[in-house]
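Written below as structure tokens is the structure these notes are about.
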Amino acid sequence: MHTTPARRSLAGFTGAGYDKGRGKLTQALWMLISGLVVTRWWCPLALRVALLRAFGATIGENVLIRHRVRIHWPWKLTVGADSWIGEDVWILNLEPVTIGSDVCVSQAALLCTGSHDRRSPTFEFDNAPIVVGDGAWIAVRATVLRGVTVGADAVVGANALITKDVAPGATVLAPTADTRT
């Protein structure tokens, strides 16, 4: 006999155990400043970095953060020296994201520390930090999910979906289409 699992109740969601790290006023102020200034093309790099630092981000020297980069909570972000974060990158850091030195996170990549427990009757959070080691490259449109460590000098190829740790120096590529006819 086949039984259907009980449907989850999103109305019962509590977010238990999730700490946003700052109060509602700081969260609201960050969302306002981020949307009106930090993500805009006209915002000078020095101002973008200064605002991120003012909201608690730890950012090394000579870091390039392009426009349209979305950072959910700057106080949960660390970026090492000489790293680049390209246009349209989304760092959904409900938990800490640590990016080493000399790292390139290319355009439209997604680093997502948040998820939900599919077995939870109320779909509670199942979040975990992300670490990107020194010298790594997260290529265009790659996605790195919660709990992953990308080792030093590793390469995550374009459009790759990373759900498990990547060894230092490893290259992980997305499947490619078969172009034979």
Among (1) more than 15 Å from the chain's Cα centre (by Cα); (2) open to solvent by 60 Å² or more (accessible area, probe 1.4 Å); (3) over 24 Å from PRO168 (Cβ atoms), ASN62 falls short only on (3)
Enumerate the pairs (first residue in region 156-181 and open to solvent by 50 Å² or more (accessible area, probe 1.4 Å); second residue anywhere and part of a strand (DSSP E or B) and among the aliphatic types (A, V, I, L, M)) with beta-carbon separation below 8 Å, excluding pairs fewer than 6 apart on the same chain, so at least 6 apart or on different chains. LEU161/LEU145; THR163/LEU145; ASP165/VAL150; THR171/VAL155
State all residues of region 30-45 that are open to solvent by 80 Å² or more (accessible area, probe 1.4 Å) and more than 17 Å from the chain's Cα centre (by Cα); if no residue qualifies, say none. LEU32, LEU36, ARG40, TRP41, TRP42
With criteria (1) at negative phi; (2) modelled with pLDDT of 95 or more, GLY135 comes up short on (1)
Is it the case, given these coordinates, that VAL49 is outside any loop (DSSP other than H, G, I, E, B), under 19 Å from the mean Cα position of the chain (by Cα) and surrounded by 10 or more Cβ atoms within 10 Å (Cβ to Cβ)? yes
Leading residue by the ranking (farthest from PRO44 (Cα to Cα)) among those in region 68-80 that are part of a loop (DSSP other than H, G, I, E, B) and open to solvent by 30 Å² or more (accessible area, probe 1.4 Å): HIS72
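The values are calculated or read from the model by the stated rules, or taken from the named source; none is laboratory data. Since the model is a prediction, treat every value here as computed from it, not as a measurement. Cβ coordinates were reconstructed from backbone atoms using ideal geometry, including for glycine residues, and neighbour counts include every protein chain displayed. Side chains included, ligands, DNA and RNA excluded: accessible areas come from the protein's heavy atoms. Shrake-Rupley method; radii C 1.70, N 1.55, O 1.52, S 1.80 Å.
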